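Accompanying notes for the structure given below.
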Amino acid sequence: MDAVVWHRFQFAFTATYHYLFPQLTMGLAFLIVVFKLIAYRTGNVRYNEAARFWARIFGINFAVGVVSGIPLEFQFGTNWARFSSYSGGVIGLTLAMEGMFAFFAESAFLGLFLFGEKRLGPKGHLFAAFMVFLGSWLSGYFIIATNAFMQHPVGYAAGPNDTLQLADLWAYLFNPWALWQYAHNMSAAVITASFVVCAVAAYWTLMQHHEEHARICMKVGVVTGLIFSMLQISPTGDHQGKLVAQHQPAALAAMEGKFDSGTHAEMVLIGQPDVSNRRLENPIMVPGVLSYLAYGSFGAHVVGLNDIPHDQWPDNIELLYFMYHIMVGLGTLFIAVMGLAALLLWRDRLMHNKPMLWILMFAFPFPYIATTAGWATAELGRQPWLIYGLQRTLHGTSPQVSGGNVAFSTLGFMGMYFVLGVLFLYLVHREIAHGPQTEAKEATS
Amino acid sequence: MTTLWFIFLVFMFAVYVVLDGFDFGAGILHLFVAKNDTERRTVLAAIGPVWDGNEVWLLAGGGVLVYAFPRVYAAAFSGYYLPLMMVLWLLILRGISIEFRSHQEGSLWRSFWDGAFAFSSTLMAIVLGAALGTVIRGVPLDATGYFLGPLFTDFRMGAHPGILDWFTVLVGVFALVALAAHGATYLIYKTEGPVQERARQIALRLWIALAILIVPVTAATASVQPHLYASLISRPWTWLLAVGIVASLVGVFVSLRRGAELPAFLASAGFLVTMLGATAAGVFPTFLTSTLDPKFTLTADNAAAGSYSLTVGLYWWPLALLIAIGYFIYLFRSFRGKVTLSSDGHGY
């Protein structure tokens, strides 16, 4: 096998695995601040106990997120040395800023947040929670700005020795692609956390444990879940799609399985792309909707893959197509689930509605699948480019690192991450079964 | 300006070694100074709130390296492919052994993580030292600007050395003893009772061993990379660093004898900083020496990013650093004084 395949497989594996954790970290950091704020404003001890419970889950999740994130920071250099050498003068800025502005805040205040509640008092502890939230969300921005440069390079100039240099700081930092991708991504993180919070609340309710805490968690989870599920589609998803249509027409065509160019382009609900015969099998389509979503008019002309040179096509159209459709399909379902739950909550029926509780308890894996599919869409759609239009993925690898070395380390990561995953699930399960603590000696407010 | 960024990087790396160094040291000594669960919880509680922040200095330093010297980052990280993968696995193992240990009672669970913590800390100290050794010694950089360092070849010097040879292993052992000694002074400062008593006994032995080890390490460095000392002698201001090394070493022994806990730790930190500073001053402006041909050597000048980018960095980097230092002062002040264990069995 070609070494580049191993490099790509390793990065896809380690990045996908890693991102299962930060999405909950970032979403939960937001929800913990909400719990802490309500506790602080109302003096209701239950909210503080809920926050403390989620902080324990957060701690385990954060640990796995950190240790699985360090490899990614290294892999830019170990596996993608020509990419780092070529573009490090630009993307190094956001990687360095992430460390300096975000990681320091996050890690310093995490210690204070997890271990310092008694020493800090309620106000200081709320502040520590807020700083952890701020640090993790800043970190998200810097890494997405880095990715946005790879998707839609701006603010750079050609430097000596065939390298890229930063030319315009603000253009690079506030890449329009980064802004919408960030909003879309962070909203997804809050959705994941909301579903997880609701699932635990549903579990406690069905088990008839910790019912007071369950009600609190359910309320916060359903309200944020509904709000962010709607934000996920519009405006964030909508604008992200328009940017893809504008800057990556090949990606858009492949996502929709669209081979023929034309006006009144249809949105595909279901169908299987047959790439070798350049057609879509068993399609169910809605005419005009793709034109409208991409360009704001039902009659707009959308370019199909047939009018794009073959060497510009994403190299895994089938996977890209399905990843995109899974993301959109699940995103739509989330609004339905959270909408229904919110209606029941409003009528004060949710905590007694067993079918809905079962649905919420089992729904939590789906936001993880949707975010994974969303990232796969973004990264597969970018192919065959590593930096869109500037450097091909094939030309970004470390030239002297053989496929055998990468295979060895990939298998090592797989073994390590398997064990890590088992331990993680075991510990989280223990915490959830254990539930929030209500001892008076724990209460500080 | 590239000189300035060289100094910034050395500064971040030195802070990293001082901070993460004491929690590596605590890990190396974990099984020796703490014998039962309460004592081991004490050691972990001494580093628990801060170790993750300490490690961030390495990550942030790596980020600044990509930013300021992308070619060095690309060459070094791909060249050290296998050793770095193992560093990653050790860091993963170490991180989870600190974090997961407290989540379940039971002697098997906790014993396992204690062992994993000590094992990964010990190996990491040696690897970090060996990596520093290869920076002094040089690597087979060629005209492409890349190299591939196998883990080991024949443990001898030459144009194509492995990562591990007699010299880098020697530096690795030196780093192991230095970080263990540094960790011991930290534990003396942060703990009481039997843990502190054992740390005190070990600290004295380790510092004596370290003071003796300096002689062969210095001699070996002089034989492997003679121009390091030549450039030190030609830059008189670096003699201050040599004075600093001796002064901090004396400071450690005097403070240990007097039972001055914080001064001993600070002197220990001073020792690490002056040692690293002297090494950096000796190799400056070189990042990676080529063992094949001096013209392939990567220096602060030929590997730097564009000047616009580095100029912009002169504004945001010091600002970010000041904020980060503020966080760390707040963090360490919040957890100042001797470690106290919470009674509910959680925490550590």
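Just need a number here: residues in the stretch B:72-87 that are facing chain A (nearest Cβ under 7 Å) and surrounded by fewer than 24 Cβ atoms within 10 Å (Cβ to Cβ).
Count: 3.
Would you check if A:L420 is within 21 Å of the chain's Cα centre (by Cα) and either at the interface with chain B (Cβ under 8 Å from one of its Cβ atoms) or exposed (fewer than 13 other Cβ atoms within 10 Å of the Cβ) (or both)?
Yes, satisfied.
Give the stretch B:106-146 a look and list any residue that's of a type in the set (D, E) and surrounded by fewer than 20 Cβ atoms within 10 Å (Cβ to Cβ), or say none.
B:D142 - this is the single residue of the stretch B:106-146 that is of a type in the set (D, E) and surrounded by fewer than 20 Cβ atoms within 10 Å (Cβ to Cβ).
Select from the stretch A:369-390 the residues that are more than 28 Å from A:A188 (Cα to Cα) and either at pLDDT 95 or above or assigned to a helix (DSSP H, G or I) (or both) and list them in ascending order.
Passing the criteria: none in range.
With the checklist (1) over 27 Å from B:S120 (Cα atoms); (2) modelled with pLDDT under 90 in hand, flag the one item A:I38 doesn't pass.
Result: A:I38 fails condition (2) only.
Could you check A:I227 against (1) touching a residue at least 40 places away in the same chain (Cβ under 8 Å); (2) within 18 Å of A:V337 (Cβ to Cβ) and say which number it fails?
Condition not satisfied by A:I227: (1).
Within the stretch A:306-338, work out how many residues are within 16 Å of A:Q272 (Cα to Cα), in a helix (DSSP H, G or I) and over 20 Å from the mean Cα position of the chain (by Cα).
2
How many residues are of a type in the set (S, T, Y), part of a helix (DSSP H, G or I) and within 11 Å of chain B (Cβ to nearest Cβ) when one looks only at the stretch A:392-417?
Here the count works out to 3.
Looking at the stretch B:55-67 only, could you name the residues that are surrounded by 23 or more Cβ atoms within 10 Å (Cβ to Cβ) and more than 7 Å from chain A (Cβ to nearest Cβ)?
B:E55, B:W57, B:L65
State which residue is farthest from the chain's Cα centre (by Cα) when the search covers only the stretch A:129-140 and only residues that are crowded, with 22+ Cβ neighbours inside 10 Å and more than 17 Å from A:A63 (Cβ to Cβ).
Among residues in the stretch A:129-140 that are crowded, with 22+ Cβ neighbours inside 10 Å and more than 17 Å from A:A63 (Cβ to Cβ), the one farthest from the chain's Cα centre (by Cα) is A:A129.
Suppose the filter is within 26 Å of B:R200 (Cβ to Cβ), crowded, with 24+ Cβ neighbours inside 10 Å, under 17 Å from the mean Cα position of the chain (by Cα) and not basic (K, R); does B:G21 pass it?
Answer is yes for this residue.
Which condition breaks for A:N161 when tested against (1) under 21 Å from B:W316 (Cα atoms); (2) within 14 Å of chain B (Cβ to nearest Cβ); (3) among the polar types (S, T, N, Q)?
(1)
Hey, A:I143 hits all of (1) away from chain B (no Cβ under 14 Å); (2) touching a residue at least 12 places away in the same chain (Cβ under 8 Å); (3) closer than 23 Å to A:L231 by Cα but one; which does it fall short on?
For A:I143, the failing item is (1).
From the list A:G92, A:G77, which residue is small (G, A, S), within 8 Å of chain B (Cβ to nearest Cβ) and in contact with a strand residue (DSSP E or B) (Cβ under 9 Å, 6 or more places away or on another chain)?
After ruling out the rest, the residue left standing is A:G92.
Where in the stretch B:207-285 are there helices (runs of 4 or more DSSP H), lying fully within it, with 3 or more residues that are free of Cβ contacts under 8 Å to residues at least 12 places away in the same chain, surrounded by fewer than 20 Cβ atoms within 10 Å (Cβ to Cβ) and among the aliphatic types (A, V, I, L, M)?
By residue number, B:239-258.
Quick one: which residue in A:E73, A:E49, A:E106, A:E98 is out of contact with any Gly (no Cβ under 7 Å at 6 or more places or on another chain), part of a helix (DSSP H, G or I) and acidic (D, E)?
Exactly one of A:E73, A:E49, A:E106, A:E98 is out of contact with any Gly (no Cβ under 7 Å at 6 or more places or on another chain), part of a helix (DSSP H, G or I) and acidic (D, E), namely A:E49.
When you go through A:S107, A:S84 one by one, which is the residue that is surrounded by 23 or more Cβ atoms within 10 Å (Cβ to Cβ), without any contact (Cβ under 8 Å) to a residue 24 or more places away in the chain and within 11 Å of chain B (Cβ to nearest Cβ)?
It is A:S84.
Being within 22 Å of A:V244 (Cβ to Cβ) and buried (at least 23 other Cβ atoms within 10 Å of the Cβ) is the filter here, so list the residues in the stretch A:157-174 that pass it.
Listed by number, the list holds a single entry, A:Y172.
May I ask you to say which residue of B:V173, B:V127 is touching a Pro at 6+ places or on another chain (Cβ under 7 Å) and part of a helix (DSSP H, G or I)?
B:V127
The values are calculated or read from the model by the stated rules, or taken from the named source; none is laboratory data. For clarity, every value in this text was computed on a predicted model and none was experimentally measured. Every residue, glycine as well, gets a Cβ built from its backbone with ideal geometry; the counts of neighbours run over all protein chains shown.
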